[in-house]
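The values are calculated or read from the model by the stated rules, or taken from the named source; none is laboratory data. Nothing here was measured: the structure is a model prediction, and the numbers come from that model. Reconstructed Cβ throughout: ideal geometry from the backbone, glycine too, with neighbour counts over all protein chains shown.
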Ligand SMILES: Cc1cc2nc3c(=O)[nH]c(=O)nc-3n(C[C@H](O)[C@H](O)[C@H](O)COP(=O)(O)O)c2cc1C
């Protein structure tokens, strides 16, 4: 089910695909993926998103070096302690692999959002740069991941750029009024798609009141 798997198979098999082949991805497919992103909802339908498609070696090397440095820096204490055979260990190994190979991904897609204070932050507290409106960008990010999966392309959501965002904005010429919400490396997958591993939905579901269950629907872990 690598190609056009249908909606539910797509979303149940959309794992982070971090091992990518170096083969280029046609512009037409990248466009299709971004069109899926721009089909997403956003607050007041303002569509304050912008996408930067990075395929040049200089840009990918710049991003990959810093990403890998900060990934290792951020998780330095944890890497040694994880059993590589455990689920956390496997996620970490896969994330570290991506860090090493980020610069080889055929496409890095930067998903950017216009900076905008959330309503809940009072005027007096609005100091410095506003964050991008994450809630208005993540639906697009998810559509992009689903579209990549639907087209048989591997992709994964990354956010480690937050550790070096000002430097990255300067390098790529991203204006200060925009923030980078996620960076998605995209390419043809090395491995096979397979089912995602998640806790059963009822274990995360409450019914009528927090902590209450309902047979067949809600069995919350409390
Ligand atoms: C908000 C967010 C930030 C993430 N940041 C990173 C990241 O910086 N690097 C990375 O390799 N994966 C990142 N991930 C991917 C998660 O590790 C991945 O979705 C999770 O482990 C489930 O993996 P699976 O979909 O393959 O089962 C991020 C996911 C989310 C939702």
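Filtering the stretch 192-206 to residues that are within 11 Å of the ligand (Cβ to nearest atom) and surrounded by 12 or more Cβ atoms within 10 Å (Cβ to Cβ) leaves only 193. When residue 138 is tested against (1) more than 13 Å from the ligand (Cβ to nearest atom); (2) within 15 Å of the chain's Cα centre (by Cα), only condition (1) is not met. Filtered by the rule that a residue be part of a helix (DSSP H, G or I), surrounded by fewer than 21 Cβ atoms within 10 Å (Cβ to Cβ) and in contact (Cβ under 8 Å) with a residue 24 or more places away in the chain, the stretch 125-140 gives 134, 135, 138, 139.
Kindly establish whether residue 102 is part of a loop (DSSP other than H, G, I, E, B) and either more than 14 Å from the ligand (Cβ to nearest atom) or in contact (Cβ under 8 Å) with a residue 60 or more places away in the chain (or both). It is false that residue 102 is part of a loop (DSSP other than H, G, I, E, B) and either more than 14 Å from the ligand (Cβ to nearest atom) or in contact (Cβ under 8 Å) with a residue 60 or more places away in the chain (or both). Checking the stated criteria, residue 130 turns out to be away from the ligand (no atom under 13 Å from the Cβ) and at pLDDT 95 or above. Taken together, the criteria exclude residue 48 from residues that are away from the ligand (no atom under 16 Å from the Cβ), within 28 Å of residue 135 (Cα to Cα) and out of contact with any strand residue (DSSP E or B) (no Cβ under 8 Å at 6 or more places or on another chain).
When the residues of the stretch 67-79 are filtered to those that are within 17 Å of the chain's Cα centre (by Cα) and in contact (Cβ under 8 Å) with a residue 60 or more places away in the chain, the one that is surrounded by the fewest Cβ atoms within 10 Å (Cβ to Cβ) is 70. Each residue in the stretch 141-183 was checked for being near the ligand (Cβ under 10 Å from one of its atoms) and closer than 12 Å to residue 37 by Cβ, and 5 pass.
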